[in-house]
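First up is the structure itself, then whatever we jot down about it.
What follows draws every value from the coordinates through simple rules; no lab data is involved. Predicted, not measured: the structure shown is a model, and the values here were computed from it. Every residue, glycine as well, gets a Cβ built from its backbone with ideal geometry; the counts of neighbours run over all protein chains shown.
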């Protein structure tokens with residue numbers, strides 16, 4: 001595979017931070033190109049979900065072998081992908097200044113070290129009922145989204161609900177909550193007032209902790225060392241944020257408030273832990 005000339009780098013100076021930020025259309029935002037020693041990277045930030053695609057292009061350099069059979073990108077020792085005609089794209093999950101290696105294989109194999117500058121420019125938040133592929137709702141800016149009417153309650157023990165979140169470089173988002181007791185004519189837990197904690201992406205692995213999956217939802221989060229107390233503040237990155245009950249409770253009104261430079265609002269629902277599950 002022969003070497004190639006670097007594509008012309010177009011400097012993009014527009015910086016727009018916000019839920020509706022976009023440049024080329026309403027669905028994606030193309031970030032500034034960031035030039036490293038051997039690589040140039042540009043992020044494409046989806047405006048309808050939290051996903052970020054990183055496109056990495058090899059720069060022209062005498063350090064790159066003139067002939068090689070393949071070139072792959074490694075971050076943290078793990079292969080991200082292989083270059084095709086000097087370009088690769090991948091779904092980015094880690095951000096900031098990311099040390100990387102470019103491994104050229106073939107005659108006279110070469111490994112070059114560089115730093116990818118992965119800087120998110122737009123913020124995003126969306127309610128997610130399951131944390132994976134659930135019911136999705138956008139916040140009302142500065143307002144309140146009512147998730148359940150007064151005669152309906154949520155009942156899962158592992159989580160109340162979740163969020164999909166993207167936080168731009170240099171920004172933060174904070175989650176706090178308010179709970180209040182509601183009248184409950186059939187209490188199971190002494191009419192107790194609910195407390196919450198937060199978890200992030202590794203909480204998706206809770207399905208592996210319990211033998212009777214898919215009924216992991218009936219378990220209160222046992223990994224207390226991983227609980228994030230309120231208020232929970234997250235920095236630059238992409239997250240799934242779970243709001244979780246600290247214990248089982250009777251009927252409560254739950255409001256989770258998020259505040260940031262790119263979005264402010266509140267999601268509210270009624271919650272009551274289920275006492276009887278379909279598998280019981």
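Numbers at a glance
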{"item": "72, 113 arranged by Cβ crowding within 10 Å, fewest neighbours leading", "result": "113, 72"}
{"item": "Mean separation of Cα contacts under 8 Å, 6 or more apart, over the residue count of the chain: relative contact order %", "result": "19"}
{"item": "Whole-number percent relative contact order across region 230-280, with pairs defined as alpha carbons under 8 Å at least 6 apart", "result": "30"}
{"item": "Mean Cα-pair separation over length for region 28-118, i.e. relative contact order, pairs under 8 Å, 6 or more apart, %", "result": "29"}
{"item": "Cα gyration tensor category, rounded, prolate or oblate, for region 142-249 with a/c compared to 1.5", "result": "oblate"}
{"item": "Rounded Å value of the spacing that divides the Cα centres of region 120-156 and region 170-215", "result": "14"}
{"item": "FRET efficiency, residue 172 to residue 277 (Cβ-Cβ, R0 35 Å, nearest 0.05)", "result": "0.40"}
{"item": "Spin-label model distance (nm) - residue 48 vs residue 183, 7 Å beyond Cα toward Cβ", "result": "4.4"}
{"item": "Extension gain, residue 133 back to residue 225 (0.36 nm per residue minus Cα-Cα distance, nm)", "result": "30.5 nm"}
{"item": "Cβ-Cβ FRET estimate between residue 152 and residue 85, R0 fixed at 45 Å, reported to 0.05", "result": "0.25"}
{"item": "Most mobile listed residue (63, 180, 84) in the chain, GNM with C-alpha springs under 10 Å", "result": "63"}
{"item": "Candidates 79, 32, 144, ranked by Gaussian network fluctuation over the chain, Cα under 10 Å, top entry", "result": "79"}
{"item": "Fewest-first sequence of 158, 205 by Cβ atoms within 10 Å of each Cβ", "result": "205, 158"}
{"item": "Sequence of 166, 253, 206 once ranked by neighbouring C-beta atoms within 10 Å, starting from the fewest", "result": "253, 206, 166"}
